[in-house]
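The values are calculated or read from the model by the stated rules, or taken from the named source; none is laboratory data. It should be emphasised that the depicted structure is a prediction, and the values quoted were computed from it without experimental measurement. Glycine gets a Cβ as well: all are built from the backbone with ideal geometry, and neighbour counts include every protein chain shown.
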Amino acid sequence: MKTYVEFLEDHLGQIEYGWSRDSEGNEVPFQIVKYSEGPFTGTVTYSTLGMSNERLVSSVSKKQIRQELIFVSYSTFGDENIPGILQQVGLEALKTNNAYLRGDVIGPYGTLFEGSELEALYVTMPVYFPDSFHTFDCVGDLSIIQAWLVPITFDEAIFIKQYGWEEFEDMLVKVDPDLINFKRVSIIT
């Protein structure tokens, strides 16, 4: 059986490099890693690695969940704030012992990237990837769930909180925005 890292590299390409310390030099209890590939040509993927060593709890079902966080960007974008965003979000999950669930909105907390309208993160399944990537089955242990963090605008975050994530995902299917483009405008008019 493949290891979890082999599973990740099969889907995301080789690990290029990673971060184990925050911007102030403090050790973080998991790594952030950058992979050579993303779901489409010209994209790359980042993930937490080691967050799944902790069993988090679903705020809905109270079941234990092991999860890692996924983030996708264009390869020309550079690393920017991505490692720091993943560290902050991952540390918050470990601190509260709560897993992120599909439909959760993190923020808004202000602009995520310079020159961008994106201010929050939406948690969903990594639908840009094959179904085989969504869950890593572990023999004798809980499976590891991949949770995709999608940057969203303030208006999108408010829409989700008011109308629910199902309505938002229906709108995403209808409008089909480029969720990897951090300069995109809100789909809420």
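On inspection, P177 fails the criterion of being surrounded by 17 or more Cβ atoms within 10 Å (Cβ to Cβ) and either part of a loop (DSSP other than H, G, I, E, B) or modelled with pLDDT of 95 or more (or both). The single condition among (1) surrounded by 14 or more Cβ atoms within 10 Å (Cβ to Cβ); (2) small (G, A, S); (3) within 21 Å of S20 (Cα to Cα); (4) out of contact with any strand residue (DSSP E or B) (no Cβ under 6 Å at 6 or more places or on another chain) that G90 does not satisfy is (4). Picking from residues in region 135-154 that are surrounded by fewer than 16 Cβ atoms within 10 Å (Cβ to Cβ) and not polar (S, T, N, Q), the one that is nearest to R184 (Cα to Cα) is D137.
Number of residues in region 53-105 that are aliphatic (A, V, I, L, M) and within 18 Å of I152 (Cα to Cα): the value is 9. E16 satisfies every condition listed in (1) among the acidic types (D, E); (2) under 19 Å from L149 (Cα atoms); (3) modelled with pLDDT of 95 or more except (2). Annotation for region 26-33: at least one member residue is modelled with pLDDT of 95 or more, touching a Phe, Trp or Tyr at 6+ places or on another chain (Cβ under 8 Å) and either of a type outside the set (S, T, N, Q) or closer than 16 Å to S143 by Cβ (or both). Being under 21 Å from T124 (Cβ atoms), among the small types (G, A, S) and touching a strand residue (DSSP E or B) at 6+ places or on another chain (Cβ under 8 Å) is not true of S20. For the criterion of being within 23 Å of K183 (Cβ to Cβ) and modelled with pLDDT under 95, G78 passes.
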